[in-house]
Ligand SMILES: NC(=O)c1ccc[n+]([C@@H]2O[C@H](COP(=O)([O-])OP(=O)(O)OC[C@H]3O[C@@H](n4cnc5c(N)ncnc54)[C@H](OP(=O)(O)O)[C@@H]3O)[C@@H](O)[C@H]2O)c1
């Protein structure tokens, strides 16, 4: 399935180290694993994902199950939850799933815990001892990036431009410096790249 691979193993600590106060809020480390168009969208404006799933089929699982196994919990936006909630199978194994929403308040879905803001979610995750947290959904990812909570990004780009949709990235209060960890070309021309977020130590 893999047609080519390129890897760099630059250890983060040798490249500037970690800023624990910003990148690891109380030990919570946000990890993004997401599929997107080459022009940076994660869904069409109407939520359609066929452009992704059809092309992503040839890439198989693309490491998703291993990734989910590697996290302690999942944190997603309401928009993503509302789509996943209708799926036949729940893809998050037995991981606790936290949903960000200022409009949902509570949910009758026993599989999730709802938080009205990011600080509340981070506090709950930290209190539960969760370190590695899968962050999903465009707005949720943007909020976590802006808050300095993301430490790792795995981006799976499918070979298409869709022109408009829900963007993965948006405005930031600061640059987010990335260190390339690996790139793999999967089936169907999906290009999967993992970056670590480079942070600087205080002072
Ligand atoms: N391509 C992929 O791999 C992939 C992955 C995930 C999702 N998706 C697709 O992306 C779409 C959803 O993405 P999206 O951009 O709408 O983002 P989202 O982050 O899933 O959902 C946005 C909503 O989450 C809540 N939220 C996000 N950040 C918050 C914060 N800091 N504090 C409080 N609430 C917060 C808000 O809900 P309230 O309005 O209730 O406040 C916001 O409207 C869906 O169509 C989904 O299928 C695609």
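Which of the residues belonging to region 135-149 are touching a helix residue (DSSP H, G or I) at 6+ places or on another chain (Cβ under 6 Å), under 18 Å from residue 67 (Cβ atoms) and within 8 Å of the ligand (Cβ to nearest atom)?
136, 137
Go through region 175-202 and give me each residue that's within 19 Å of residue 25 (Cβ to Cβ) and over 19 Å from the mean Cα position of the chain (by Cα).
Hits for region 175-202 are 200, 201, 202.
Only one of (1) in contact with a strand residue (DSSP E or B) (Cβ under 7 Å, 6 or more places away or on another chain); (2) farther than 23 Å from residue 160 by Cβ; (3) more than 10 Å from the ligand (Cβ to nearest atom) fails for residue 55. Which number is that?
(2)
Of the residues 72, 46, 9, 39, which single one is within 10 Å of the ligand (Cβ to nearest atom) and either touching a strand residue (DSSP E or B) at 6+ places or on another chain (Cβ under 8 Å) or at pLDDT 95 or above (or both)?
It is 46.
Between a first residue in region 58-87 that is within 21 Å of residue 122 (Cβ to Cβ) and a second residue that is in a helix (DSSP H, G or I) and modelled with pLDDT under 95, which pairs have beta carbons less than 6 Å apart while being 6 or more apart in sequence or on different chains?
Pairs found: none.
Only one of 197, 179 is over 17 Å from residue 40 (Cα atoms), touching a strand residue (DSSP E or B) at 6+ places or on another chain (Cβ under 9 Å) and either without any contact (Cβ under 8 Å) to a residue 24 or more places away in the chain or surrounded by 19 or more Cβ atoms within 10 Å (Cβ to Cβ) (or both). Can you tell me which?
197
Taking region 54-66 on its own, how many of its residues are surrounded by fewer than 16 Cβ atoms within 10 Å (Cβ to Cβ) and either under 17 Å from the mean Cα position of the chain (by Cα) or within 11 Å of residue 93 (Cα to Cα) (or both)?
Looking only at that region, the number is 3.
Against the conditions (1) out of contact with any helix residue (DSSP H, G or I) (no Cβ under 9 Å at 6 or more places or on another chain); (2) outside any strand (DSSP E or B); (3) closer than 25 Å to residue 62 by Cα, where does residue 152 fall short? Just the number, please.
Unmet for residue 152, out of (1) out of contact with any helix residue (DSSP H, G or I) (no Cβ under 9 Å at 6 or more places or on another chain); (2) outside any strand (DSSP E or B); (3) closer than 25 Å to residue 62 by Cα: (2).
The values are calculated or read from the model by the stated rules, or taken from the named source; none is laboratory data. Keep in mind that what you see is a predicted model, and the values were worked out from it rather than measured. Don't worry about glycine lacking a Cβ; one is built from the backbone with ideal geometry, like all the others, and counts go over all protein chains shown.
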